[in-house]
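Computed from the coordinates by the stated procedures, all read-outs in this text should not be read as laboratory data. All of these numbers come straight from a predicted model, not from anything done at the bench. Neighbour counts are summed over all protein chains in view; Cβ atoms, including those assigned to glycine, are modelled from backbone coordinates with ideal geometry.
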Amino acid sequence: MRVIRVGILASGRGRNLQAIIDEVEAGTVPAEIVVVISDNHKAPALERARLHGLATVFLDPKSVTDAAHPRQAYDRKLLQALNRYQAELVILAGYMRIVSSVLLDAYALRMMNIHPSLLPSFPGLRAQQQALDHGVRISGCTVHFVTEGVDEGPIILQRAVPVHEGDTVETLSERILNEECQLLPQAIRLFAEGRLHVTGGTVHIRTGKLA
Ligand code: GRF
């Protein structure tokens with residue numbers, strides 16, 4: 001089977017990144033992580049990547065000089081790095097910047113994000129707190145293709161988790177994260193196997209044996 005070249009963008013802790021690394025190393029996801037890029041030089045995600053011998057790039061948002069279009073200018077640099085490593089699929093694994101048209105155009109339906117809620121509920125920041133504030137009984141996580149609207153792209157996979165009486169942001173986040181760490185590698189596997197097809201904003205998953 002063909003191995004897909006994956007570039008990962010991460011800003012923080014890197015638990016999702018670690019889950020992808022572990023599955024790739026175990027041979028359960030037909031992918032090669034060609035580069036891990038961060039906007040935060042202190043991101044533990046970068047350290048995790050280095051520990052596994054992966055190429056890392058820190059791109060400093062402050063190094064962008066185009067004051068009129070800082071997001072696009074930053075993303076042009078990102079795109080150069082992704083091109084240098086010939087990434088075919090881009091994963092936002094806890095990446096805290098909003099991506100601009102520069103990346104969206106280059107990686108249309110080839111860029112995925114993981115979000116800690118059952119979208120379209122609770123997009124944006126502090127999704128777990130939003131879920132608690134609304135008193136929902138079920139929350140979860142979503143992997144979706146990235147489009148212009150924040151957390152709005154076609155949904156690829158979702159997993160639900162119960163919200164328990166007395167949950168805090170920490171306990172709920174941890175329960176959701178455990179599912180995230182299985183869901184994101186699974187989505188990459190489906191993509192690599194050519195099983196994802198998008199029509200009219202809906203993702204269809206082809207099951208069964210591929211020719
Ligand atoms: C995860 O909850 C993810 O859903 C959200 O940011 C968090 C990243 O965690 N987008 P980590 O960096 O993967 O540990």
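Distance between the C-alpha centers of the stretch 83-97 and the stretch 154-204? Whole Å please. Computed from Cα coordinates, the inter-centre distance equals 18 Å. Along the axis of the charge dipole computed for the stretch 4-205 (Cβ charges of +1 for Lys and Arg, -1 for Asp and Glu, origin at the Cα centre), the listed residues Ile138, Ile155, Leu17 are led at the positive end by Leu17.
Each Lys or Arg adds one and each Asp or Glu subtracts one; over the other residues with Cβ under 13 Å from the Cβ of Ala43, this totals +3.
Where nothing but the Cβ of Lys and Arg (+1) and of Asp and Glu (-1) is charged, how large is the charge dipole of the stretch 4-205 around its Cα centre, in debye to the nearest 20?
Here the size comes out at about 380 debye.
Excluding same-chain neighbours fewer than eight residues apart, the lysines reachable from Lys42 by a Cα-Cα span under 30 Å are Lys62, Lys77. Rounded to the nearest whole Hz, the Karplus-based 3J(HN,Hα) values (6.51 cos²θ - 1.76 cosθ + 1.60, θ = phi - 60°) of the stretch 142-150 follow the sequence 9, 9, 9, 5, 8, 10, 4, x, 5, with x at glycine and proline. The peptide list 134-144, 76-86, 8-18, put in order of mean Cβ contacts within 10 Å with the highest first, becomes 8-18, 134-144, 76-86. Volume per residue of the convex hull around the Cα atoms, evaluated for the stretch 8-122, comes out as 118 Å³. Counting DSSP beta bridges in the chain, what percent are antiparallel, to the nearest 5? If we restrict to bridges inside the chain, about 50 percent are antiparallel. With 10 Å bins beginning at zero, the pair-distance distribution over Cα atoms of the stretch 4-205 amounts to 9, 36, 37, 16, 2 %.
Where does the chain land at 222 nm, in deg cm²/dmol rounded to the nearest 500, when only DSSP H runs of n ≥ 4 count, each adding -39500 (n - 2.57), divided by all residues? Intermediate results must be reported in sequence, preceding the final value.
On the way: 6 runs with 73 residues, N = 211.
Counting only the DSSP helices, I get -11000 deg cm²/dmol.
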